Structure formats: structure tokens, C-alpha cells
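The values are calculated or read from the model by the stated rules, or taken from the named source; none is laboratory data. Small disclaimer: the values here were computed from a predicted structure and weren't measured. Please note: Cβ atoms are built from the backbone with ideal geometry, for glycine as well, and neighbour counts cover all protein chains shown. The protein model used for the area step is the full one, side chains on, heavy atoms only, and it has no ligands, DNA or RNA in it. Shrake-Rupley method; radii C 1.70, N 1.55, O 1.52, S 1.80 Å.
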Amino acid sequence: MLRHLAGHQDSIQSSDFAPSSDCLATGSWDSTIRIWDLRAGTPTIFHQELEGHSGNISCLCYSASGLLASGSWDKTIHIWKPSTRSLLVQLKGHVTWVKSIAFSPDELQLASIGYSRMVNVWDCNTGHTVLDRADTEHICHLKKSTGQC
């Protein structure tokens, strides 16, 4: 074991490395996100805590530029700028907890899947949905027909 990262008050459900690989974000059932400094020689304590969700953190995803998206059992997604601890956008529209999230390569959109097997694609600047609640089975079926799923 290289480092022991202790600090969450409940189970950790999700994690993701920052694009620079010097930080690790963890999301917990204690409804918090912690950003851990992994650089050699730094203390093994977190250097940031992001709060704002009212439910368990179910998924995390860094963008290429270092923005962090978090999905929660509270049915919302938050997009953060971890360097300033700023909440940039709160996305609402899922009817069940958010299961998975992913930024588009250009970071203009964020895809999210809820436990209800519905997918939303969001405009990261406006917070509006670009694709609203398409059934993931239908999307996978379309991708299979093109050999992508």
C-alpha cells in the first residue's frame, strides 16, 4: 500500500483521477467529494472537500481540462471547478439516482445515465438537455446496427 486515504465518514462509491494524475477524487455515501493530493512528498490528507449533494455520491468524472462532474442519489449532477471549489452548474432532470456520467471530448456536453436506464445528454454551458430521456436499450440497439455497441 502506497498511501492510506482516510477521511470519509461512510463507504466510498466512486473515484476518478484528475487528468494530471496528481489528484484523486472520491465520492462517498456521506454525500461528500474529497480531492486527494497524490504528489510524492505531500501529506496523506485531502486538500479539498466539495459539498452540495443531499444524497450519496454515485459517480465521478473528470474532464480533460480538470472540471469534475458528480452524480448522486439525490438525482442531480454537479459540475465543479475543483481548483476553486466552485459549483459551476447543477443539472436536474433524472427521475432516479444518477448511475454514470461522461464528458464529451470537447467538454461541451455531458452524458448521464440514471438507474431507470434512461440517458440524458446535457449542454454543459446552459445546463439544458440536448437529448432527453432516450431509453438506453434503444441507443444500444442503434449502436449495434452500426457495430458500435
| What are the residue pairs meeting all of these: first residue in the range 71-87, first residue open to solvent by 10 Å² or more (accessible area, probe 1.4 Å), second residue outside any strand (DSSP E or B) and of a type in the set (Phe, Trp, Tyr), Cβ atoms under 7 Å, and 6 or more apart or on different chains? | 73/97; 75/97
| request: Check the range 34-43 and report whether any residue there is buried (at least 21 other Cβ atoms within 10 Å of the Cβ), closer than 19 Å to residue 17 by Cβ and either of a type in the set (S, T, N, Q) or touching an Asp or Glu at 6+ places or on another chain (Cβ under 9 Å) (or both). | output: yes
| So which of 106, 22 ends up being modelled with pLDDT of 90 or more, among the acidic types (Asp, Glu) and either open to solvent by less than 40 Å² (accessible area, probe 1.4 Å) or more than 16 Å from residue 129 (Cβ to Cβ) (or both)? | 106
| said: Testing residue 6 on (1) at pLDDT below 90; (2) under 13 Å from the mean Cα position of the chain (by Cα); (3) small (Gly, Ala, Ser), one condition comes back false. Which one is that? | reply: (2)
| One residue from 130, 95 being surrounded by 13 or more Cβ atoms within 10 Å (Cβ to Cβ) and modelled with pLDDT under 90 | 130
| said: Let me spell it out: the conditions are (1) without any contact (Cβ under 8 Å) to a residue 40 or more places away in the chain; (2) open to solvent by 50 Å² or more (accessible area, probe 1.4 Å); (3) more than 25 Å from residue 20 (Cα to Cα), and residue 119 meets all of them except one. Which number is the exception? | reply: (2)
